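Since the structure comes first, as structure tokens, the remarks are kept for the end.
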Amino acid sequence: MITPLTAHIIVAEKNKLPAWEHEMLTQLFNEGFIKDITFITTPAKKIKQEFFAYRVFKKLENQWFRSLPDAFKEINLEEKYPDAIFTSLTDTASLPEADFVYISCLADNNYTIASIPQYGIWSMVFGSGKYKDAEPPAFGEVMNDETVIGSSLWVQLPGNSKMINVYEGNTLTVPYSVKNSLNCLAWKSASFFGYRLKEFLLAGNEVFLNKYNRIEKIDATIASIQKKAPGNFQLLFLFARNIFRYLGYKLRKKNNGRFSLLYSNETFNGGALNLASFKPVTMPKGVFHADPFIITKDGINYIFFEEYMYLTNKAHISVMKIDDRGNCSTPVIVLDKPYHLSYPFVFKWEGEYFMIPETSANKTVELYKAASFPYQWELVMNLMENIVLLDATLIYENNTWWMFGSTSNTPFASTNDQLVLYYSNNLFSTNWTPHPQNPVATDIANCRPAGKIFRINNELFRPAQNNASRQYGYALTFNKINRLTETDYYEEKVSEIIPGKDNNLTAVHTFNFSDGLVLIDGIIKK
């Protein structure tokens, strides 16, 4: 049981917040984390004068790209929070103590807060690496054709002179659009505070601090890089280059091929894969095949996979047999619904076969049991409802069922860059407990599940999609799970599978194996 907190929110002098930060506060209220708010006004950040060409660029961009919902639309706080206290920074000496302070991105932060509250001072930073806190945000990443853009949440706790990074995540830049890239990043960032504050309240100050104190520190006053927007002539060059890059991207996107299944007759033991040795499984026109999972029963290899039909713009689950020479039987549809199905996670438990297909289009996590393996499946129950959880992947470890999946807290953000974890003592449960460290992975290059979690030399490994590219399903990473408990999760990247000139692939998306057979799906170069 979490006791609601009191909060001081430092905002710009207009008593307004951008829509994404208002969404963040709404989430905190809905979760019952906060009850009383004092909004403290301070001068807005000084915005450097923009060059004429940059102002023109922003207007043209509004016409050029379909805009996402504006994350920076100003929300009038006095209308949304009529019971809150509003005061100015000069009056803070007379304010009652609060449990925590949050500094808005729009507020000036060139001051010192004398007394750090019990639950710290929290603030968000846009940009990562060399773009951290750069002005204007998202401009450098887009103009330099970076595929990803990041943000991070920082907190200063009592007794610590430094701010610590408690959440750092990245997502794809929207190709060649500064405005939409920043919008996506801001909407995604709205969930950071709720996730980490919940963990802090459940774990306690000391555990939380020890967990994240290992991450790079910065000074308590975050120093802005304040990188200037380029001048008129430089911007004209960047704008022209951006147009040509965008046109090239649209052309490549229309001709990027379709996913198909590939196999290799090798025994996987955790070492490197030779992608050049993989051979494609014959695929008819009008479809693509993806997400292969293997079950070997009575010496026969059964491949369960997503079979997408271009005609209906929807996929079902099919199965086919494959022998050691790659000869495949005709695919048979084993599960079809009015909504899209993919990622048929098939597993054996207590002598029975079960399947959890991806059913996020129905906002469910559905458990099926084989009435007659492999062709007849019946619904057992919905493990979860009213949730968008992609590619649910289960493992039974330490007498506990663990469910990994990819999600997003808003329809305006990618579902490829937040990995969440749930656990239950019973497979047949509708009460799966969210892990307090959620999301347990936040890097778009290493989040979304890409196959069964497997054990090599008594160590657990989790395959993940690497979507840090203009090509969805570009590559794979293997992560070794070092800690998996009800309070702590830690994994480290140990290897990756990347398409390239030597293997005739442009993408590799899912990985599964059995004795003497390895399956992937990928896009073959034309």
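In terms of Cα atoms, the Rg and Dmax of segment 325-420 work out to 14.7, 46 Å. Each Lys and Arg Cβ is given +1 and each Asp and Glu Cβ -1; about its Cα centre, segment 106-188 then shows a dipole of about 160 debye.
Taking all protein chains together and a 1.4 Å probe, the residues THR400, THR90 rank THR90, THR400 from largest to smallest accessible area.
Would you work out if segment 102-212 is rounded, prolate or oblate? Take a ≥ b ≥ c from the square roots of the eigenvalues of the alpha-carbon gyration tensor; rounded if a/c is under 1.5, else prolate when a/b is larger than b/c, oblate otherwise. Because a/c hits 1.5 or more and a/b exceeds b/c, segment 102-212 counts as prolate.
Where the only charges are on Cβ atoms (+1 Lys, Arg; -1 Asp, Glu), what is the dipole of the chain about its Cα centre, to the nearest 20 debye?
Details: 52 positive and 53 negative charges, 442 e Å.
Dipole magnitude for the chain comes out near 2120 debye.
Length gained on full extension, ASP324 to PHE244, computed as 0.36 nm times the residue gap minus the Cα-Cα distance: 24.1 nm. A simple spin-label model places the labels of THR487 and TRP349 2.7 nm from each other, with each point 7 Å out along Cα-to-Cβ.
Exposure check, 1.4 Å probe, all protein chains in place: ILE243 carries approximately 60 Å² of accessible surface. At 7 Å along the Cα-to-beta-carbon direction for both GLU206 and GLU496, put a label point, then send me their distance in nm to one decimal. The answer from the label model is 3.9 nm.
Taking the Cβ-Cβ separation of ASP145 and PHE72 as r and a Förster radius of 22 Å, what is the calculated FRET efficiency to the nearest 0.05? The value I calculate is 0.40. If R0 equals 35 Å, the separation of the Cβ atoms of ASN426 and ALA276 corresponds to a calculated FRET efficiency of about 0.20.
Please give me, ordered by residue number, the trypsin sites (Lys or Arg not before Pro) of segment 470-514 that lie in loop per DSSP and have at most 13 other Cβ atoms within 10 Å.
Passing sites in segment 470-514 are LYS501.
Among the trypsin sites (Lys or Arg not before Pro) in segment 333-412, those located in a DSSP loop and surrounded by at most 14 other Cβ atoms within 10 Å of their own Cβ are LYS363. When GluC sites (Glu not before Pro) are flagged only if DSSP places them in a loop and at most 15 other Cβ atoms lie within 10 Å, the longest unflagged stretch of the chain comes out as 351-485.
On full extension, the segment bounded by PHE29 and THR3 gains 8.2 nm, given 0.36 nm per residue less the C-alpha separation.
Work through the residues other than THR410 whose Cβ is under 11 Å from its Cβ and net out their charges, Lys, Arg +1 and Asp, Glu -1.
Working: positive: LYS188; negative: GLU23.
Neighbourhood net charge equals 0.
For the chain, evaluate the Debye formula with one uniform point scatterer on each Cα (no solvent term) and list log10 I(q)/I(0) at q = 0.08, 0.09, 0.10 Å⁻¹, rounded to two decimals. One equal scatterer on each Cα of the chain leads to -0.57, -0.72, -0.87. Judged by the gyration tensor of its Cα atoms, with axes a ≥ b ≥ c, segment 132-186 is prolate; a/c meets the 1.5 cut and a/b is the larger of a/b and b/c.
Look at where the Cα atoms of segment 330-396 and of segment 441-477 average out, and the two centres are 20 Å apart. Compared with the rule-of-thumb size 2.2 N^0.38 Å for a compact globular protein, segment 347-386 has a Cα radius of gyration ratio of 1.18. Accessible surface ranking for TYR195, TYR131, 1.4 angstrom probe, highest first: TYR195, TYR131. Between ASN504, LEU262, ALA361, the Cα set farthest toward the positive side of the dipole of the chain (charges on each charged residue's Cβ, about the Cα centre) is that of ASN504.
The values are calculated or read from the model by the stated rules, or taken from the named source; none is laboratory data. All values derive from a computational prediction rather than experimental measurement. Backbone-built Cβ (ideal geometry, glycine too); neighbour counts: all protein chains shown. Only protein heavy atoms, including side chains, enter the accessible area calculation; ligands, DNA and RNA are left aside. Shrake-Rupley method; radii C 1.70, N 1.55, O 1.52, S 1.80 Å.
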